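K.L.:
Just passing along the structure, written as structure tokens.
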Amino acid sequence: MSACLFCGIVKREIKGDIVYQDDSLVAFRDINPKAPVHLLIVPRKHISTLLEVEQGDRGLIGDIFYVAAQLATDQGISKDGFRVVVNCGPGAGQSVYHVHFHLLGGRLFTWPPG
Ligand code: DGP
């Protein structure tokens, strides 16, 4: 059993509502959604935070943004607009230490975020 929650979802040890997966990425619905559409896009590789992303991960991170845009279209939120958010560290509210990209849409968002 994985020590990391999101590694557990990626490896199907823990139940997750997975909407997309490929060789390097998995996207699943957030258990506590903050918008009508709220997905988490995670690399299969365990990386704790954005600060641990290495030179060799640059393509992987680019892929996440490509997949985010594809999923935004698939989920019907691309026309009105959507947000992709990474919380890094305690001050930003990161609670799960496996880097993840929130894809949020289906409502209006204010700026700046809280
Ligand atoms: P963050 O606060 O940026 O680390 O976001 C972590 C997100 O993970 C938060 O929005 C809730 C979500 N989450 C926590 N536990 C689970 C879980 O067991 N399953 C799923 N699908 N999402 C989870």
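The values are calculated or read from the model by the stated rules, or taken from the named source; none is laboratory data. Keep in mind the model is a prediction, meaning the values are calculated, not measured. A quick note on method: Cβ atoms are made from the backbone with ideal geometry, for glycine too, and the neighbour counts reach across all protein chains shown.
K.L.:
Can you say whether Ser48 is polar (S, T, N, Q), within 15 Å of the ligand (Cβ to nearest atom) and at pLDDT 95 or above, as far as the supplied structure shows?
P.N.:
Criteria met by Ser48.
K.L.:
What is the residue count in region 96-114 for residues that are out of contact with any helix residue (DSSP H, G or I) (no Cβ under 8 Å at 6 or more places or on another chain), in a loop (DSSP other than H, G, I, E, B) and either at pLDDT 95 or above or among the acidic types (Asp, Glu) (or both)?
P.N.:
Qualifying residue count, region 96-114: 8.
K.L.:
Right, here's the next one. Please determine, by comparing only the residues of region 49-61 that are in contact with a Gly (Cβ under 9 Å, 6 or more places away or on another chain) and of a type in the set (A, V, I, L, M), which one is surrounded by the fewest Cβ atoms within 10 Å (Cβ to Cβ).
P.N.:
Taking the candidates together, the pick is Leu51.
K.L.:
Just give me the residues in region 17-29 being more than 15 Å from Ala72 (Cα to Cα) and either near the ligand (Cβ under 8 Å from one of its atoms) or among the aromatic types (Phe, Trp, Tyr) (or both), in sequence order.
P.N.:
Residue satisfying the conditions is Asp17 alone.
K.L.:
What tally of residues in region 74-95 results from selecting those that are more than 11 Å from the chain's Cα centre (by Cα), at negative phi and either assigned to a loop (DSSP other than H, G, I, E, B) or near the ligand (Cβ under 8 Å from one of its atoms) (or both)?
P.N.:
Matching residues across region 74-95 total 9.
K.L.:
Moving on. Of Val19, Val53, which residue is at pLDDT 95 or above and under 28 Å from Leu108 (Cβ atoms)?
P.N.:
Val19
K.L.:
Restricting to region 5-16, what's the tally of residues that are farther than 18 Å from Asp63 by Cβ, within 11 Å of the ligand (Cβ to nearest atom) and either in a helix (DSSP H, G or I) or in contact (Cβ under 8 Å) with a residue 24 or more places away in the chain (or both)?
P.N.:
First, the residues of region 5-16 that are farther than 18 Å from Asp63 by Cβ: 5, 7-9, 11-16.
Then drop every residue that is not within 11 Å of the ligand (Cβ to nearest atom), which leaves 5, 8-9, 14-16.
Next, only the ones that are either in a helix (DSSP H, G or I) or in contact (Cβ under 8 Å) with a residue 24 or more places away in the chain (or both) stay: 5, 8-9.
Total satisfying the criteria: 3.
K.L.:
Then there's this: Out of the residues in region 21-48 that are surrounded by fewer than 16 Cβ atoms within 10 Å (Cβ to Cβ) and in contact (Cβ under 8 Å) with a residue 40 or more places away in the chain, which is farthest from His100 (Cα to Cα)?
P.N.:
The qualifying residue farthest from His100 (Cα to Cα) is Pro36.
K.L.:
Based on this model, can you work out whether Leu60 counts as among the aliphatic types (A, V, I, L, M), within 23 Å of Ile9 (Cα to Cα), touching a strand residue (DSSP E or B) at 6+ places or on another chain (Cβ under 6 Å) and assigned to a helix (DSSP H, G or I)?
P.N.:
So Leu60 passes the test.
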